[in-house]
1. For segment 104-170 and segment 37-80, what is the separation of their Cα centres, given in Å?
2. Please order V165, V133 by the number of other Cβ within 10 Å, starting at the fewest.
3. Note down the nm distance, to one decimal, between modelled labels 7 Å out along Cα→Cβ at R63 and at W83.
4. Give the residue from A48, P70, L81 lying farthest towards the positive end of the charge dipole for segment 23-180; charges sit on Cβ (+1 for Lys and Arg, -1 for Asp and Glu) and the dipole is referred to the Cα centre.
5. HN-Hα J couplings of segment 113-126 from phi, Karplus 6.51/-1.76/1.60, θ = phi - 60°, integer Hz, Gly and Pro as x?
6. If you project the alpha carbons of segment 87-162 onto their three principal axes, what span does each projection cover, largest first, in Å?
7. Using packing as a proxy for protection, rank 101-113, 50-62, 181-193, 73-85 so that the peptide with the highest average count of other Cβ atoms within 10 Å comes first.
Amino acid sequence: MGYGRRGSAGLIDVRAIGVRACCMSQPTSPDYTTLDAPARLALAYAPAHARPAWEALLLFERRLADTARPGRDPMMIQLRLAWWRDRLGEPASAWPKGEPLLARLTVWDSARGALEEIVNGWEASVVGDDGGVELASARIAAYVALGRLLDVSADAAVRTVASDVVRPETAQGPAPRLPRPMRPLSILRVLSMREARHGRHSPVLDILRILRIGVLGR
């Protein structure tokens, strides 16, 4: 899923699927509104028990994307990324209080190494010349780690769908059906592939596809 790229006429209005979304219990976190529309839409399909881990990951990705956004001083970016790396190198019990996102990430304590790799990926993208390869691999691995965190035994399927989310231009064929705790990943796949079509889309078909995946999983 891209960051900071929003189509004008083509952006799916989350309200357009309000019939489905209003029937779900919605996240009440004030941080929820900082997520972009695709992330909020995907999160609406997360079962209640899976939502804290999903919300934490999406908020973490958003925070790092903002930290490393173009135009910021590379030195300041590295300092901020180093702070996150240091925190994720410690158990959650040692984390300082007062940072709301850290508090949310406690649910990731047993899998925080996957989050640390995302930090490393952003650093490689900002100060290295790997073209985002390490970051893409780290994001895919984080989704796989999320599946394990949610007791989903479908690593191969999660990895396939996650690869399409991160690299939608290389997606081929239908996606495998994911268990309900990972259903938001299937929604993200649809939205990422839609964005990769560079405007060649049908909003009505997109909405129907999202509703079908949200209900049936594929």
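1. The distance from the Cα centre of segment 104-170 to that of segment 37-80 comes to 12 Å.
2. On the way: V165 25, V133 12.
Starting with the residue having the fewest Cβ neighbours, the order is V133, V165.
3. 1.0 nm
4. Sorting the options by dipole projection puts first A48.
5. Residue by residue, segment 113-126 yields x, 5, 5, 4, 5, 5, 4, 4, x, 5, 5, 5, 6, 7 Hz.
6. Projected onto the principal axes, the Cα atoms of segment 87-162 cover 36, 34, 17 Å.
7. 181-193, 50-62, 101-113, 73-85
None of the figures in this text is laboratory data; all of them are computed from the coordinates on show. Please read all numbers here as calculations on a predicted model, not as lab measurements. Glycine also receives a Cβ, built like all others from the backbone with ideal geometry; neighbour counts cover every protein chain displayed.
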